[in-house]
1. With segment 238-354 as the region, which strands (runs of 3 or more DSSP E) entirely inside it contain at least 1 residues that are of a type in the set (Lys, Arg) and more than 22 Å from VAL50 (Cα to Cα)?
2. Could you tell me whether PHE442 is under 21 Å from SER538 (Cα atoms) and crowded, with 20+ Cβ neighbours inside 10 Å?
3. Name the residues in segment 358-377 that are out of contact with any helix residue (DSSP H, G or I) (no Cβ under 8 Å at 6 or more places or on another chain) and open to solvent by 20 Å² or more (accessible area, probe 1.4 Å), would you?
4. May I ask you to list the residues in segment 877-897 that are closer than 24 Å to ALA255 by Cα, part of a strand (DSSP E or B) and of a type outside the set (A, V, I, L, M)?
5. Looking at ALA355, ALA273, ALA300, ALA261, can you tell me which residue is small (Gly, Ala, Ser), open to solvent by 40 Å² or more (accessible area, probe 1.4 Å), on the phi < 0 side of the Ramachandran plot and touching a residue at least 12 places away in the same chain (Cβ under 8 Å)?
6. Across segment 837-857, what is the number of residues that are open to solvent by less than 30 Å² (accessible area, probe 1.4 Å), in a loop (DSSP other than H, G, I, E, B) and in contact with a Lys or Arg (Cβ under 7 Å, 6 or more places away or on another chain)?
7. Hey, among ILE710, ILE814, ILE774, which residue is outside any strand (DSSP E or B) and open to solvent by less than 10 Å² (accessible area, probe 1.4 Å)?
8. For segment 817-836, name all the residues that are outside any loop (DSSP other than H, G, I, E, B) and hydroxyl-bearing (Ser, Thr, Tyr).
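The values are calculated or read from the model by the stated rules, or taken from the named source; none is laboratory data. Quick caveat, the model's predicted, so the values are computed rather than measured. Don't worry about glycine lacking a Cβ; one is built from the backbone with ideal geometry, like all the others, and counts go over all protein chains shown. Heavy atoms of the whole protein, side chains included, go into the accessibility calculation; ligands, DNA and RNA do not. Shrake-Rupley method; radii C 1.70, N 1.55, O 1.52, S 1.80 Å.
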Amino acid sequence: MRETIHRMALWNFSFLGLAVLIGSVTCQAPNQERVGVVFSLGYYPNFLAVVEGQPTQLDGKTIAFDKYLKFNDSNTFAVSMVVDTQNESLYYFDSHLKSIFRINNFNLDLDVSRVTYDVIRDGISDSAVQIAFDWISRNIYWTDDYNDWIAVQPVFTRDRSLTKHVIDKMLQTPLALAIDPESGYLFFSDLKPAPRIEVCNLLGEKRRALVTSGLSYPSHIAVDHKEGRIFWVDSESGALESILYNGINRTLHAAGVAYFASSLHYFKGHICASFDYMYLVGCSPVNGFNEELFGFVKYAPITTTVYDPESQRTSITNRCNAKKCQHFCINTPTAARCVCKEGYQLNRDGVNCTAGHILSKKGILFTNGSNLCVLDIVAINSNKSRPNCVVNKLGYIHYLQADSNKGIVYHWNKNIRSIQKYNLVTGRLYNLTFTNDVKGLFYDWVNEELYWSESDQYGFRIRLFDLVTESESKYQYEEDTKSFEYLTGNPYNDILFWVLKENRYAYMIEMGTMKGSNRTIVMNSDSLTKPTALAYDSVYNRLYWIDSGEITSVKITTNIGQTKIIYHDYTGPTAHTLYLYKDYALWIYNNNIKAVVVEENDDYVYESTVLTVMNGSDVTCMTYFDQRTQTKTRAPCEGDNGGCQYLCIPTTNGPLCTCPFGYKVSKDGKSCRSDLLTNNFALIVDYDSKMYQIPLNKTITEDDIVAVNITEKRKGYISDIIYDATNGFVYWLIDGLELCRSKLNGENFTIITTIAEDYVENFEVDQTTGNIYIMPVLLYGHEVSGHISVLRQMASNEWKQTKIIEDLKDYFVIHPKKGYIFWLDSYQYMFGRTNMDGTNSMVLKKHTYEVWRFYIDYSGDRLYWSDDYYGGVYSMDTNGNDLKKFLAAPDGINAIAFQDNTVFIVMSHGSKIYRYDKTSGKEVKWMKNITYIQGIDYIAIVPGNKQPENDMCKNNNGDCSTFCLPTSSGRTCACEDGVKLRSDKKTCGNVCDSFLQMAK
C-alpha cells in the first residue's frame, strides 16, 4: 500500500530542491516577445497571479507573485481560464457565481487600476465546467456537465442570450474541452456511458469518436495545432497520452504521474500542467516527459493558462468579418457560417435569423392560477432570469404537458372538467374532451396521443385521445376500486407508468404498454408510503417518484425485482409534480419550483444543493420544453445507450456496440465478454485498478490482453494482489481496507475481512494451510505502527484471526517450507526474519534509503528488492548473504515476479512487463508498452515459482484445531485471539470439533 502512496506523492518528495518560492523577480531576455503563466490560486479566497517568463523554465526558478489580483467577488472560484492576448482579455469560469467573466485590460503587467469586469454568460451549472476560446471568430465555448451540452457564444456582445448549444444530444457528462480554430476542430471528453474523447467541427457537426478505450477519467485536453495532435491527462490512471487528429498514432508519454491535474496546455513542444492537490506546476518536453521539471507553488493552483501571443497569431483569414451575420458567426477552414441563438432558425439567406414560437427554446412552462408562464432553462442556475407570463385567464389548470415542436400546451381545466389544447402560435384554445376527475396526464409526442387517468362513481380508468384523428378510444386500463394516478411514460418504447392507489394506506407503481397490455408491477406496496409524482428518464431508462418527500428511482429492466432502488434527495413533505431534465430533477414545493442534481449511479447517491428556480409565484403545475427531447425518432445510440453494455457508436447502419479494452463483443452484438486464460499468463493490476491477463507464451499485442472483471464485484483502489494457483483463487485488497477473494471468473466472491486500522500494508497466502497473513497499520502523524495477524477459514465458513507479531512497519513475505517470515523496516533501514509463529526475530541485513517492498524467489531461495536511491534491483539469499546487483533501474520498479529461470519486472513509469534471464540478467524481448494499460502496479505469474509446502502443516492441518503456523524447526498450533491453547498444544479452549478443515 505505502509504495503506491509513495508513488502518487513522489512529486512532493522529488521537488523539494525545486520548490518555487514567493517574492523574487524573473527576467525576460530583451527584444523577446513577452510570455508567461497565469494562475488561479488558493481555495478561499481565490486570487489571480501572473508570472512572466518562459513557462518551460519554471523548474528551480523563484516565481514572483508580486503581480496578483483579488477578484471583484471574494467568493470567486475560478476553475477554468483562457487568455485573449490580441484584445488583452482574460476569461474565466467562476463555479461559485456560475458565470463566465471577462477581465478587460489584462496583460502581463497586471495593472490592477485599469482592470474591469464583464459578465459574459450566467446561468451555467456549478459542475466541472471548462472553457475554450476561438481567437479567430472571437467566440467562447464551454461544457456544462449537468445540462449535458456544449455551448458557444460571441465574447463581444451585450446580448447574453446569443448562445447556441452546438452539442446537446448523446452527451451525458461532458468534461474536457479544447479547440483548434485554424483547423476548425472541437475536441471534448464525455464520461458516460463510457469514457471517450470525441471530435467535431466548431458548429458541433461531423461528430466522431476519437478515443473509446483505455480511458478512465480524461479530465483535460490540450492541442498541438501544428502537428495536428491532441494531448490528454487521465486523472484516475495518471496517464499522459496523445493521438493525431485522424485517430492514429496513439502514444503514452507518461504513466502514473498525472493524478489530480487541474489544467493542461501545449507550449512549443512541451506539456504544461498544474496539480492543485500537490501544489505543483511546470512544463516538460513531450518526448521524454520528466516530472522533475515541475516545482512547488505556495498556493494551490486551481487552474493555470499560458500567456503566449504567438500561439494566437494566425495567417487564417477571418471570413466572419465580411459575413454580417445577424446573430453571430463561426469561421471554418472553408467558409464563414452564421449561427442563430437558441430558439431561432437560420433563414435561407444564411445570414438572418427568424424566431420560432415561444417553446422553441429550452425552458420551464408553469401556471400560477389561471396564467401560463415560461421561464428560460438557465433559471435553474441563475436568479436573474424572469418569467414571461404569455397567457392569462385560462382557468384552473392542472397536469400540464407541452408539444415543444408545435408550440401547443395540453392541460386539464378543473373548472369545466375538460382536457384542453392551447396553441401558443395562434392563441386559440380548444376543448378536446370533457372528463370526470383527472388524476394524471401524459403526452405521447411520437404517436401524438394524449393519456389521462380519471375516476367516477363507476370506477377508475386510463383513457386515450388520438390527436391526429381527434377521437377518443376505449379505456386502456380499468379498475373498479383502485385509482390510477400520476401518469408518465416512454413513447419510444411504448411504455406507460402510473401509481395505483389501492386505499389511503396502500400504493403500487405499475407499468404497461400504451395499448393496454403487459401490465406489470414495478414497485409493490411494501416499498412505498404515499407517492405523489412520477417521472421517467429515457436517457438512463430510470423511473423516478416522490414518496414521503423523498426523490427515489429505479432502473427499468427485464427483471425489475432485482434492480437496486436509489434514494436521492429530500424534496419536502408536500412536494409534487416531478420532471427529469438532463441531470436535474424539477418539482413543486410550497408553490415554488425546486431543482436538484440527480446523477444516475447505482453505486452511490450524489448529494447536491437544492436550488430554488422560481420563488414567490404561486406555482400550481409545470412541465419543461425542449424540442430536442421530443423528436419523432431517436438517433441509433439515444436512450439507454442503444442497448449496449458499454459504449454505443452511432453509424449509418444503426448502433455499433463497442467494449472496453480486454473485452470482445458477444454474439448478441451488445454485451461484452472476456475470454479468460486458464494457465501460463501474467495477472496484472494497472494504475486505474483494472485487472488483466497477459499470455506468456507469445509475443504480445494489444489484442492478446484479456480483462478480468472480478473488480466489478467490489470497486475501489486495488493495493495488492496474489494468485493462489493451488485453489484457483485471486486475493486482492480494496482501498487497503477490505481483503477480497474470488475465482477469476468472479465466482465464489467473498469479502474476507474489513480491518479497523488505517490500512493493510500487504498480505501473503500460505498455500499449504490456506492461512492468510496480513499486516494492518495505524498512522500516528508521521509514526507508523503495524502488526501481523493470521486469518483462517473454518469448516463453518467463519474466519478466525490471531495476532502473531507486534510492532512491524513495512512489507513482508513468507516462506512456508522454511517456516520464515521475512520483513522490511524502511525506517531503520533493515531486513529481518522471524518464524511464521512470530518467534525468533532477527536482523538479516541493513539496507539503504529507499526500499519500499521486496519479493521472494522460491526456486532460487533469494530475496529481491528495488533500491530507488541507488536505482537498481538487488538480491540476497534467505540468510542475508551473497548480496548481488541484478539490474540497473534508475526510474525505480513497481513489481517483481518469478517463473523458472525468468524474472518479470515492472518499471515505475511504463505499461509493459520486462522479462530477464535470472542467470545472465539479459532482457528477453517479449512485449512493448501497451497504450491502453496506463501503468502497472502489481503482477502475479501463473504458474509462477511454486510456493514450497510445509511438511508439518500439510496433512490434517498439522493436527492443530485452528491455526498451524510453520517454524524453522517444526510447527506451532495457535488459537484465535482471546482463546487459549489447551495443554495438548493442539486444540483450542472453545473448539469442540477438533481438526476442522478449511473450506476451499
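1. Those strands (runs of 3 or more DSSP E) span 336-339.
2. When the stated conditions are applied, PHE442 passes them.
3. Filtering segment 358-377 down to residues out of contact with any helix residue (DSSP H, G or I) (no Cβ under 8 Å at 6 or more places or on another chain) leaves 358, 365-377.
Hits for segment 358-377 are ILE358, ASN368, GLY369, SER370, ASN371, ASP376.
4. Passing the criteria: only ASN894.
5. Every option except ALA355 fails the conditions.
6. Result for segment 837-857: 0.
7. Working: ILE814 fails: outside any strand (DSSP E or B); ILE774 fails: outside any strand (DSSP E or B).
Being outside any strand (DSSP E or B) and open to solvent by less than 10 Å² (accessible area, probe 1.4 Å) holds for just one of ILE710, ILE814, ILE774, which is ILE710.
8. Residues satisfying the conditions are TYR820, THR834.
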